[in-house]
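Undergrad: Take this structure, written in C-alpha cells, and hold onto it; I'll ask about it next.
The values are calculated or read from the model by the stated rules, or taken from the named source; none is laboratory data. Model, not experiment: these values are computed from the prediction. So basically every Cβ, Gly included, is an ideal-geometry build from the backbone, and we count neighbours across all protein chains shown.
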Amino acid sequence: MSRTTPRRATSPAAAGSPAPSAPLSKDSALAAELKALVVAGKRDAARERFADLVTLQQRRAVRIAYQYLRDVHDADEAVQDAFVKVFTHIASYREELPFEVWFTRILVNGCLDLRKARSRRLRWVLPATTAAETVSREPVAPQPGPEDQLLASERGRQIAAAVSQLPERQRAVFTLCQIAGQSAHEVSQALGLSEATVRVHLFRAIRKLRGLLER
Amino acid sequence: MMRHPHLSDDRLIDVCLDRAPAAIERQHLERCHACEERRASLARLLADASNVARAEADAVFSPERLSRQHARILQRVEQEARLGRIISFPAGHGQGPSLLRVRPGMRWIASAAAAGLVIGLVAGHLVHDLPAGGALPASQAVGTPAGASLQAVATTMSEEEFLGRIEVAIEGTSGSALRPLHELTPLVWEIAAQ
C-alpha cells in the first residue's frame, strides 16, 4: 500500500525548516489557508476547508493512534480529539513547520493521555475480555489485498506480536518512522526528543524486532 | 585493491532507512552476497512490519467507520463553534461597565431585603430569650391572687366539697360575723332532700 503522504527528505533543513521558496505540502497549505480564514473571522468557510484537511490526514492518524492504543474505540476518540484541537488552536499553527509534524504531536500527546487514563481505570476494574476480543472488526473489503494476506499469515502474526513487545518509546519511534512515514527529524519534533535519541530508539527497535523474529 | 570490510548491522539499518550508502559501501554490497542478503532481509522485515501495522489498523477502521468518524469530527467542530460564539451586546447599553451601574429599582429591593433581614434577626433574638407560653413556675404560683387560686380549686374539687369547705370556714370563730347570713341561706342538702 502506498503511503498517504510522501516521505520527506531526512535532512533537517529540508524536513523541519523548509526554505521560504520551498513548496508547501498539500496539508500544510490547507492548514495555512484554514488559519488565515479563522484569523479573518470567516469560520464557516474555515470549517469547509477543515473537512478537506481531515480527509487528507485521517487514515494516517488512525494508523498511528491504533498502534499506540491497540483499541479501536480509544483510537477513534484520540483521533477525533486531535482534529478538534487542531481546529480550535489553528490560530497558533506556525506555517514554517510542516502541518503533519504539528498534528502528529497533538495526536501523540492525546494518545499518551488516553493511555494514562486507561491504565488508571484498569487498576480498579477487572478485565472482562481479552484485548483481542474487544476489537470489533467491521466488515472489510471482500477481496483481501496483499497486506491483509500478510496480516493473516503466520509471519504477519509474528511481526504484530514482536512490534507489540517493543518498549513504549521504541514502539513510538518505530511507529512514526515506519508506519507514519516520518523522518527522524520530524519524529524528533513530534516527540520532543533529539534526533540522535530518535535514531538510537529506532535502531534498538529494529534490532529487537529482528532478534524476536529470528528466534 | 583493498577489500571493504562487511557492513555493520547499524550501517545496514541506516542504508535501509533511506540513508544512501557511500560509493564504497554500494560497491561492497554489489559484490558481497552475505551483506546484500542481510540488507535485503532487513529491508523485508521493515516493509513487512509497516505493512502488518497498516493492515491491522485498516482492518478495524473500515471506510464506513472512517466516514462516520469524519462526520463526527465536523459535528464536534460545529458544536465548539456554537458554544464559543459571543453574542454582541446591544449598542444602546454599552455606556460603561454594566456591573458598576446601579438601577434605582434595584436599590429599593436591596434596602427592603436588608431591612427584612435585620427585623428577622431581632425578632428571632427576642423569641429565643423570652419563655414560651403563659405557664409560670411553681414558686411564682404560690403567691397569686385569690381569684386565681379559687379558679384552680374549682377545677380540681366537686361542687359539694367546695361548699362544705365554705361551711366549715363559717362555723369557725373567724366566721361569726357571717353567721346571720348563714342562717338566712338554705343548706344544699336540705334543698336536695325536699
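Undergrad: What do you reckon, is A:Asp81 within 13 Å of chain B (Cβ to nearest Cβ), surrounded by 21 or more Cβ atoms within 10 Å (Cβ to Cβ), in contact with a helix residue (DSSP H, G or I) (Cβ under 8 Å, 6 or more places away or on another chain) and part of a helix (DSSP H, G or I)?
TA: no
Undergrad: With the requirement that a residue be of a type in the set (D, E, K, R), part of a helix (DSSP H, G or I) and at the interface with chain B (Cβ under 10 Å from one of its Cβ atoms), what does segment A:27-75 give you?
TA: Answer for segment A:27-75, where residues must be of a type in the set (D, E, K, R), part of a helix (DSSP H, G or I) and at the interface with chain B (Cβ under 10 Å from one of its Cβ atoms): A:Arg43, A:Asp44, A:Arg47, A:Glu48, A:Arg59, A:Arg60, A:Arg63.
Undergrad: Cβ-Cβ below 6 Å, separation at least six or inter-chain, first residue in segment B:49-69 and within 7 Å of chain A (Cβ to nearest Cβ) and closer than 11 Å to A:Val62 by Cβ, second modelled with pLDDT under 90 and surrounded by 23 or more Cβ atoms within 10 Å (Cβ to Cβ): which pairs?
TA: Sorted first by the residue in segment B:49-69, then by its partner, the list stays empty.
A quick yes/no check of all residues on (1) within 30 Å of A:Phe99 (Cα to Cα); (2) within 11 Å of chain B (Cβ to nearest Cβ); (3) modelled with pLDDT of 90 or more:
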{"position": "A:Trp124", "(1), (2), (3)": "no, no, no"}
{"position": "A:Gln182", "(1), (2), (3)": "yes, no, no"}
{"position": "A:Gln189", "(1), (2), (3)": "yes, no, no"}
{"position": "A:Leu202", "(1), (2), (3)": "yes, yes, yes"}
{"position": "A:Lys208", "(1), (2), (3)": "no, no, yes"}
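Undergrad: Those residues that are without any contact (Cβ under 8 Å) to a residue 12 or more places away in the chain and either touching a Lys or Arg at 6+ places or on another chain (Cβ under 7 Å) or within 19 Å of B:Val52 (Cβ to Cβ) (or both), I need them from segment A:169-198; list them, please.
TA: Scanning segment A:169-198 gives a single hit, A:Gln178.
Undergrad: Could you list all residues from segment A:163-178 that are more than 17 Å from A:Asp71 (Cα to Cα) and either facing another protein chain (nearest Cβ under 8 Å) or surrounded by 24 or more Cβ atoms within 10 Å (Cβ to Cβ) (or both)?
TA: A:Val173, A:Phe174, A:Leu176, A:Cys177, A:Gln178
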